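All remarks here apply to the structure that follows.
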Amino acid sequence: MVSLATAKAMALAFPEAEEKSHFEKQDFRVKKRIFAVLHIDKNAMVVKLSAIDQSVFCALDTTIIHPIPGGWGRQGWTMIHLKKVKKSILQDALFTAWKTVAGTSLYRKYFPNS
């Protein structure tokens, strides 16, 4: 289980990440683009993944991680239930989302040996 406060701290720990608001929800951005959204009412976090990354994370357990229904899910937006997810899995998903949105140049700037 991951608390809302921990999930928020994890998202803000990435380079150049900032917190904003999107449709009255806390979101986390890099380069002005959203990579995660905190859904307090659902005790969940939604992350932006590529289609391949989404399929990998969802293969772990669809009761914990699953695509958002409809078009948003087909664009990679993926729901993670914080009461059920392990902290290490959330960390991996957030990093993958951050990297997806940040792009290669920003990723290499902060992780040059990867």
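The values are calculated or read from the model by the stated rules, or taken from the named source; none is laboratory data. No experiment lies behind these values; they were computed from the predicted model shown. Here Cβ is always computed from backbone atoms with ideal geometry, including for glycine, and neighbour counts include all displayed protein chains. Areas reflect the complete protein model, heavy atoms only, side chains present, ligands, DNA and RNA absent. Shrake-Rupley method; radii C 1.70, N 1.55, O 1.52, S 1.80 Å.
Sorted by accessible area with a 1.4 angstrom probe, largest first, how do 41, 92, 27 fall?
41, 92, 27
Which value, in Å², gives the accessible area per residue of segment 1-98 when a 1.4 Å probe is used on the protein heavy atoms?
54 Å²
Considering all alpha-carbon pairs of the chain, what whole percent are spaced by more than 21 angstrom?
30 percent
Could you please state, rounded to a whole Å, how far the C-alpha centre of segment 54-91 is from the C-alpha centre of segment 1-19?
Segment 54-91 and segment 1-19 have Cα centres spaced 17 Å from each other.
Expressed as a whole percentage, what fraction of the accessible surface of segment 1-83 belongs to carbon and sulfur atoms when a 1.4 Å probe is rolled over the protein heavy atoms?
Of all accessible area on segment 1-83, carbon and sulfur atoms account for 59 percent.
Would any residue of segment 1-44 have its amide N under 18 Å from a label point 7 Å out along Cα→Cβ of residue 105? List them or say none.
So the set is 15-17, 30-34.
Can you give the FRET efficiency for residue 60 and residue 3, using 1/(1 + (r/R0)^6), R0 = 22 Å, r = Cβ-Cβ distance, to the nearest 0.05?
0.60
For each pair in 32/86; 48/84; 86/109, compute the distance between the two Cα atoms and list the pairs where it is over 25 Å.
Going by Cα-Cα distance, 32/86; 86/109 fall outside the 25 Å limit.
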